[in-house]
Amino acid sequence: QVLGDVIDHLRSTLEHLVCVFAQQGGGSCDHTEFPVYTDPAKYAAEHPRKTASVGPDALAMIERLQPFKVIDSGHDIDESLLYQLHQLWNRDKHRSILITATTIPEAELRFPSECALDQMRFRGPFEDGDVVAVVRCPTPPPDPMYVKYDLPPTVGFGEGSGTAKGAPMIAMLRGTYAMIRDILRESESYV
């Protein structure tokens, strides 16, 4: 539940910000929302009712942050921290958020030269006891083998069994916090 609370607080910060923008423009907070869209046409059609009374400078900032801008620049939608936060926020309200480990970003294996790496698994999800590497040796190795890997926690979304696409949790939350901090700093000039 702590992860869900963090996500909710980060996303709610943006909701409150739009409310303040609307009040500064002489409006109320009724029906305001920080819009998040992957489709520019939907954004153009729907954001006016969510951002009524928000001034032009604040609206320009909100539009600049939209996930469709990431797509327009040739990047993958998952590179948008706002999109990731919005997805987590929606999924936290309706599904379970599972902390998993889905990739091994870095691994170091040391074994005798007469041995060979037969297989290495870098993608998960992983569970305790899963085999991530197989090293074949003609005889029992005389020297000890050494394995070192980094398995950072990752966020996955679950419905029943299995997990869906995940993102490195700590890095995503740090990036999202920094993004919101920067939005708030920029917003001071609009309030």
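What to note about this one:
- Net charge over other residues, Cβ less than 13 angstrom from the Cβ of Glu79 (K, R count +1; D, E count -1): -2
- Model label sites at Arg136 and Ser28, defined 7 Å from Cα along the beta-carbon direction, differ in position by 7.4 nm.
- Of the accessible area of the stretch 1-49, computed with a 1.4 Å probe over protein heavy atoms only, carbon and sulfur atoms account for 51 percent.
- Computed extension length for Ser12-Arg121: 35.4 nm, one decimal, from 0.36 nm per residue of separation with the Cα-Cα distance subtracted.
- Spin-label model distance (nm) - Ala171 vs Asp78, 7 Å beyond Cα toward Cβ: 1.1
- The slack between Ala45 and Leu109, meaning 0.36 nm per residue of separation minus the straight C-alpha distance, is 17.6 nm.
The values are calculated or read from the model by the stated rules, or taken from the named source; none is laboratory data. Computed from a prediction, not measured in an experiment: that's the story for all the values here. FYI the Cβ positions are ideal-geometry reconstructions off the backbone, even for glycines, and counts take in every protein chain you see. Quick note on the areas: whole protein, heavy atoms, side chains included, nothing else; ligands and nucleic acids left out. Shrake-Rupley method; radii C 1.70, N 1.55, O 1.52, S 1.80 Å.
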